[in-house]
Amino acid sequence: MKFIINILIFISFIFSQTNFEKGMKFYNSRSEGANGIIALDSKIDSAVYFFRKENKDQLSSLMLLKALYFKGEFVIQDLEMKKNIFEEAKILGKELIDKYPDDPKIRYWYIVNLGSWGQNYGVLAAAREGVADQIKTHSERIIELDPNCENGGGYFMLGVVNFRAPYIPFFLTWPNKKNALKLLEKAYNVGTPTPVQIKFLSKALIYDGQSEKAKLLLTKLSNLIPDPKLLIEQKKEIFESRELLKQLN
């Protein structure tokens, strides 16, 4: 009898949860059963499903952007399917910025997805879409709205786009690797530096001829124990930091 009562209580609890709460439950377990840095699709697909059902309110929409990014980066391996995921995220992000123009986190996760869109669609498509200029513009707006957002995420994304985007005379004249280093150092010193921030700062230091300083950062990152809440995301940066160290040694 007690067993039946417990089952009924559990069922009642599940059905009393909102779609957002159900989405968060699956999102928070997104790394379970992963093979290295490749996650299973079941958890994140369920998260996406419930976030989509939550009537596009501000918080669930932000979480949908984050869930789509995770699915595209750490679940889907097929290029065309990746393109579809990041295209959905790009369209959603534009809609959300129009609806919530003063939400820095929505802007941040839009440009994170936009960067992945550009990587998967290729250089020509990214140039036609104006990806670099968009990332620059939104990063600057994030800094205006909240310089502390996502641990200096505005400075970080502005630094990354300066570091990665090519200088093209008469077309793309603002990318500057010296500015990239300054911005990535700024991001590093705002809040708690994240593994991806440490990796890109290290790359900028190497480019600037400061390999020994980069080695110290990469060594610390390569020995990091990943946060269970960000298991796959941080594992990726740890693996890549070890590869960078091999190249330096």
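The values are calculated or read from the model by the stated rules, or taken from the named source; none is laboratory data. The model shown is predicted, which means the values in this text are computed figures rather than measured ones. In this analysis, Cβ positions are derived from the backbone assuming ideal geometry, glycine residues included, and neighbour counts consider all displayed protein chains.
Here are some notes:
Yes/no per residue for (1) buried (at least 20 other Cβ atoms within 10 Å of the Cβ); (2) of a type in the set (Asp, Glu); (3) closer than 23 Å to Ala180 by Cβ; (4) touching a helix residue (DSSP H, G or I) at 6+ places or on another chain (Cβ under 8 Å):
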{"position": "Glu80", "(1), (2), (3), (4)": "no, yes, no, no"}
{"position": "Glu88", "(1), (2), (3), (4)": "no, yes, no, yes"}
{"position": "Ile91", "(1), (2), (3), (4)": "no, no, no, no"}
{"position": "Val123", "(1), (2), (3), (4)": "no, no, yes, no"}
{"position": "Arg128", "(1), (2), (3), (4)": "no, no, no, no"}
{"position": "Glu140", "(1), (2), (3), (4)": "no, yes, yes, yes"}
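- Restricting segment 15-38 to residues that are among the charged types (D, E, K, R) and in a helix (DSSP H, G or I), the residue that is surrounded by the most Cβ atoms within 10 Å (Cβ to Cβ) is Lys22.
- Residue, surrounded by the fewest Cβ atoms within 10 Å (Cβ to Cβ), within segment 214-231, restricted to residues that are touching a helix residue (DSSP H, G or I) at 6+ places or on another chain (Cβ under 8 Å) and hydrophobic (A, V, I, L, M, F, W, C): Leu224
- Qualifying residue in segment 57-74 (condition: buried (at least 21 other Cβ atoms within 10 Å of the Cβ), modelled with pLDDT of 95 or more and acidic (Asp, Glu)): yes
- Any helices (runs of 4 or more DSSP H) falling wholly within segment 87-176 and containing at least 3 residues that are under 24 Å from Tyr188 (Cβ atoms): 104-121, 131-145, 153-164
- Boolean, Gly191 is touching a Gly at 6+ places or on another chain (Cβ under 8 Å) and either surrounded by fewer than 20 Cβ atoms within 10 Å (Cβ to Cβ) or touching a residue at least 12 places away in the same chain (Cβ under 8 Å) (or both): yes
- Any hit, segment 179-190, residues being of a type in the set (Val, Ile, Thr) and part of a loop (DSSP other than H, G, I, E, B): yes
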